[in-house]
Amino acid sequence: MRIAALMLMMMLSCITRADRLGNLPMEPTQQSNTSSDQRVRINDNQIKISIATGGGPYRPAKDTYRVGERVPVVITMTNTGTEPVYVCESGTFYQDRPQLLKDDKPVNYQSVQQSMMLEAERDKTCDDDNLPQQILLRPNEPTVVDWFILSKAAASFNDVGWYEPLQPGKYTLSDRRRLSCCDGPLIETNTVEFVVTP
């Protein structure tokens with residue numbers, strides 16, 4: 001029985017990403033008559049990136065949380081051009097750099113998250129990762145492309161949040177996100193505000 005329980009825990013930790021991606025409306029990585037050379041090239045100004053606390057798979061979006069509650073962040077992209085384009089979704093370590101302020105003061109990442117992010121950059125693990133997916137963005141059609149956990153639930157051992165469980169206060173959040181899978185420029189998102197209550 002203990003062995004079965006351990007195996008179940010290992011399987012659950014391995015499929016977290018698959019579950020996350022299963023909640024998102026994505027297009028196939030490739031269409032049969034389209035090669036990667038024929039895809040429309042995008043410029044950074046063509047894609048608008050928006051974040052929200054809650055929303056997407058965590059409907060509805062909200063701006064008030066309680067101490068110890070999980071704070072998810074949903075990422076939506078809008079192609080402001082006239083042709084469909086593909087963007088990459090590979091993982092928050094490679095693509096996101098959230099910036100959180102509490103009462104106008106910067107909040108540090110969890111030490112574990114900081115270490116994992118630096119290790120991923122140093123070892124270039126994204127280049128060897130088979131998880132990246134191409135997501136089709138049709139013109140002027142906001143599309144939820146990804147999400148991450150900003151702050152994990154206090155009692156959760158499965159969540160991997162950027163920050164420790166948040167304490168009471170007023171928070172301001174923005175993100176810088178890459179359109180490419182592993183490297184490239186970071187694009188600023190909108191800023192959202194939320195509060196954490198006791």
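The values are calculated or read from the model by the stated rules, or taken from the named source; none is laboratory data. This one's a predicted model, so the numbers in the text were calculated from it and none came from an experiment. Please note: Cβ atoms are built from the backbone with ideal geometry, for glycine as well, and neighbour counts cover all protein chains shown. Side chains included, ligands, DNA and RNA excluded: accessible areas come from the protein's heavy atoms. Shrake-Rupley method; radii C 1.70, N 1.55, O 1.52, S 1.80 Å.
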(request) Apply 1/(1 + (r/R0)^6) to the Cβ-Cβ distance of residue 50 and residue 153, taking R0 = 22 Å, and write down the FRET efficiency to the nearest 0.05. (result) 0.35
(message) Give the separation of the Cα centroids, the stretch 41-91 to the stretch 100-155, in Å.
(response) 11
(request) Might you work out the accessible area of residue 136 for me, using a 1.4 Å probe with all protein chains in place, and round it to the nearest 10 Å²? (result) 20
(request) Would you mind classifying the stretch 47-151 by shape? Square roots of the alpha carbon gyration tensor eigenvalues, ordered a ≥ b ≥ c; an a/c under 1.5 is rounded, otherwise it is prolate if a/b is larger than b/c and oblate if not. (result) oblate
(request) Could you tell me what percent of the accessible area of the stretch 45-114 is made up of carbon and sulfur, with a 1.4 Å probe and every protein chain present? (result) 49
(request) First select every other residue whose beta carbon is under 11 angstrom from the beta carbon of residue 73; then total the charges, Lys and Arg +1, Asp and Glu -1. (result) -1
(message) Let me make sure I get this right: for the stretch 141-181, a, b and c are the square roots of the gyration tensor eigenvalues over alpha carbons, sorted descending. Under 1.5 in a/c it's rounded, otherwise prolate if a/b > b/c, else oblate. Which is it?
(response) prolate
